[in-house]
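Read-outs throughout are calculated quantities, based only on the coordinates presented, and are distinct from any laboratory measurement. Owing to the predicted nature of the structure, the values given are computational and were not obtained by experimental measurement. As a convention, Cβ positions derive from the backbone with ideal geometry for all residues, glycine included, and neighbour counts pool all protein chains shown.
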Amino acid sequence: MAGSYQTSVFHRLLGTALDWVFPPKCAGCGKPGTSWCDACQLRAQIIRGKVCPICGSPQEREAPCAACRQEPPAYESLRSWALYENPVKQALLGLKFKHNLPVAQSLAVQAAPILQELKWPVDIVAPIPISMRRLRERGYNQAGLIAHPIATALGLSYAPKALARWRDTHSQVGLTGDQRRENVRGVFRADGARVRGRTILLIDDIATTGSTLSSAAEALLAGGASKVYAFTIARALHWRHDLPAGAISAYHS
């Protein structure tokens, strides 16, 4: 826990220093003075209604969706804070590709109450790791920047080394569901000493089909984890236009 506390202090000091050198702007709209403004919070499409109890996709009834019935994921349950639509989409793109690091803390603080309400019986929090190549290019793992403040809010241990990505993969953008599953099959390995007998909360920035989270959950279970739950800031609904009229509006904030 000492290492987790020191990391938390470091992140707060780093954020303060960056704010002095580069005054923050809202990652959703560019408004100066804050990394995430009240107006963008009001525009965020928070997922509040009925969802599949397994993959967390919004739907009109509280029952496992067809995809989860046909091919259940390795995780127990997945939930997301908001739809992957602007301003949340813009904020996450800024975090991932424009080094807008402070917004990770801001979004994590907004999302943490959902996890507190769910009361999942988790022991440790682990981020989805990125490859070493991408880590060298980017300099940070965006999922880790989200996962750490969530762990702090929940009073849980943060375990960034519980899971490793042992080979690089192609980008998931533009791939079909089957291609996504194949792309991430077997790419993760768990540290058995850290996860054995524990229930893990996996954190990532975005979920689309859940393939990456399911592959990571498989690795954690193979490493001895008891159960795996998953949470993301956003949910991308590539099929949303096929939903019955009004099915999405019920989930807006």
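Odds and ends about this structure:
- Neighbourhood charge, 14 Å Cβ-Cβ cut-off, centred on K96 and excluding it, Lys, Arg +1 and Asp, Glu -1: +1
- Calculated P(r) of the range 44-92 - Cα pairs past 13 Å, %: 58 percent
- If R0 equals 30 Å, the separation of the Cβ atoms of R196 and R133 corresponds to a calculated FRET efficiency of about 0.55.
- Residues E71 and L154, FRET efficiency given R0 of 45 Å [Cβ-Cβ distance, rounded to 0.05]: 0.90
- Sorted by Cβ neighbour density within 10 Å, fewest at the top, the residues L118, L78: L118, L78
- Peptides 41-47, 100-106 ranked from most to least packed give 100-106, 41-47, packing being the mean of other C-beta atoms within 10 angstrom over each peptide's residues.
- Peptides 196-208, 24-36 ranked from most to least packed by the mean count of surrounding Cβ atoms within 10 Å: 196-208, 24-36.
- A simple spin-label model places the labels of K31 and K98 1.6 nm from each other, with each point 7 Å out along Cα-to-Cβ.
- Sorted by Cβ neighbour density within 10 Å, fewest at the top, the residues F231, F188: F188, F231
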